[in-house]
Protein chains: 2
Amino acid sequence: MASNEIESLTRLKDAFQTLPGVGARGAERMAFHVLRSSEAEARALADAILAVKRDVFHCSVCYNLTEKNPCGICSDGRRDGAEIWVVEQPKDLMALEATGLVKGVYHVLLGHIAPLEGVEPGDLTIDALVKRVRKGGVREVVLATNPTLEGDGTGLHIQSALQDTGVTITRPSRGLASGSPLEFASPAMLEAAIRGRTKM
Amino acid sequence: MASNEIESLTRLKDAFQTLPGVGARGAERMAFHVLRSSEAEARALADAILAVKRDVFHCSVCYNLTEKNPCGICSDGRRDGAEIWVVEQPKDLMALEATGLVKGVYHVLLGHIAPLEGVEPGDLTIDALVKRVRKGGVREVVLATNPTLEGDGTGLHIQSALQDTGVTITRPSRGLASGSPLEFASPAMLEAAIRGRTKM
């Protein structure tokens, strides 16, 4: 009955349900959890949501997510700036970083070429990558896009865009299971793919 | 590597992971979703969290969750105030309300007696229920606690506390599956249990 409607609780359930993987039942449990939690816990969650929107942006060099510009990786003198690992998304970068095997830096495309979804090369950060390489000092570009149709297509596009720069272009070996997105690869699979990367 | 740490993103992941049913992977997906969503969407979620803590409290009559006192059900003249449905939690009340079959009002115990967990009768709203009944005008008390060991025990305790008031005490029939909490009962099971409630 409408007389039992608790507007702010319904609003919170609806808000939680917009999150990925959260259904009606899950959203309800989460809303009740917030209701039962302390004022401080609820405020911490709300503040964390707002802080992410306020403080996180893309690095102007590599387009990774960061809270300072350039990002911690680009400004880290111990990294090999002559080796650029090209990935589709920040979460792919994080998966590679978690292996601890990448000594170079990154370039995040922020997507892949997908004409059917209206994503053209110009919508990605490919031009910025080409500029980085043309500026010199880059020895190797590793195309670590996802081993999928779109990822491979994007890799091929970048390969031809970099053709006349003379940079060495490699890609991680197909220890990765074709068709399965990079973010779900196990550390062992990632390690095999990183160590065995092949020249294109 | 630590140089890739995005503090506010980590903080949001951690905050999401405190919610029930949310694991590390789910929390990460949710945090990235917030990052990708618009400023307005993120603010709506944060505001909804704070609003629930600010605006929702327990009705002083029935202890249901509400944004006004007394709650919408207690202050609804069309409800039968002589018939009190006793439930453990607000979510149980909501499950019963969703059937549209309860014409009476409610009393939310805010738990069940569980000595092993340190929950004694005095921790629940049983005294307030007894007072409501003693004030008169109550014909029937329906003990709709969960059909579990603790729920049944709590029902028996309330039954003896109300013994000398002369009120009719009933409970929903055991169309409910014993051992399965009320909040997960199907509408059909709930309907059978409500229609077939038996005298204690």
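Read-outs throughout are calculated quantities, based only on the coordinates presented, and are distinct from any laboratory measurement. The model shown is predicted, which means the values in this text are computed figures rather than measured ones. As a convention, Cβ positions derive from the backbone with ideal geometry for all residues, glycine included, and neighbour counts pool all protein chains shown.
Relative to the longest principal axis of the Cα atoms of chain A, helix A:7-17 runs at roughly 20 degrees. Label sites at A:His58 and B:Lys91, each approximated as a point 7 angstrom past Cα along Cα to Cβ, lie 4.0 nm apart.
Electrostatic tally near B:Arg43: other residues with Cβ closer than 14 Å to its Cβ, Lys and Arg +1, Asp and Glu -1, net -1. For A:Ala185, nonlocal amide neighbours, meaning residues 5 or more places apart or on other chains whose placed amide H falls under 5 Å from its own, do not occur.
How big is the dipole moment of chain A about its Cα centre under a simple scheme where the beta carbon of each Lys and Arg is +1, that of each Asp and Glu is -1, and everything else is neutral? Debye, nearest 20, please.
Values: 23 positive and 25 negative charges, 127 e Å.
Rounded to the nearest 20 debye, it is 600 debye.
In straight Cα distance, which lysines are under 24 Å from B:Lys135, not counting same-chain residues fewer than 8 positions off? Result set, ordered by chain and number: B:Lys68, B:Lys103, B:Lys199. For the range B:132-195, the residue among B:Leu149, B:Ala192, B:Leu182 whose Cα projects farthest onto the positive side of the dipole built from Cβ charges is B:Ala192.
The same position A:Ala177 in the other copies lies at 3.2 nm from this copy, comparing label points 7 Å beyond Cα toward the beta-carbon, shortest first. Give the angle, between 0 and 90 degrees and rounded to the nearest 10, that separates the Cα long axis of helix A:39-55 from the longest principal axis of the Cα atoms of chain A. Around 30 degrees separate the two axes.
Between the range A:94-136 and the range B:1-76, the C-alpha centres lie 33 angstrom from each other.
Taking other Cβ atoms within 10 Å as a rough exposure proxy, A:Leu149, B:Leu116 sort from fewest to most as B:Leu116, A:Leu149. Of all beta-carbon atoms in chain A, the one sitting closest to the axis that brings chain A onto chain B gives A:Ala46, 2, with the distance in whole angstrom. Starting from the Cα gyration tensor of the range B:65-199, take the square roots of the eigenvalues, sort them a ≥ b ≥ c, and report rounded, prolate or oblate (rounded when a/c is under 1.5, otherwise prolate if a/b is larger than b/c, else oblate). Since a/c stays below 1.5, the shape of the range B:65-199 is classed as rounded. DSSP finds beta bridges in the range B:65-199, and of those with both partners inside it, around 20 percent are antiparallel. Counting charges near B:Gly81 (Lys, Arg +1; Asp, Glu -1) among other residues having Cβ under 14 Å from its Cβ returns a value of +2.
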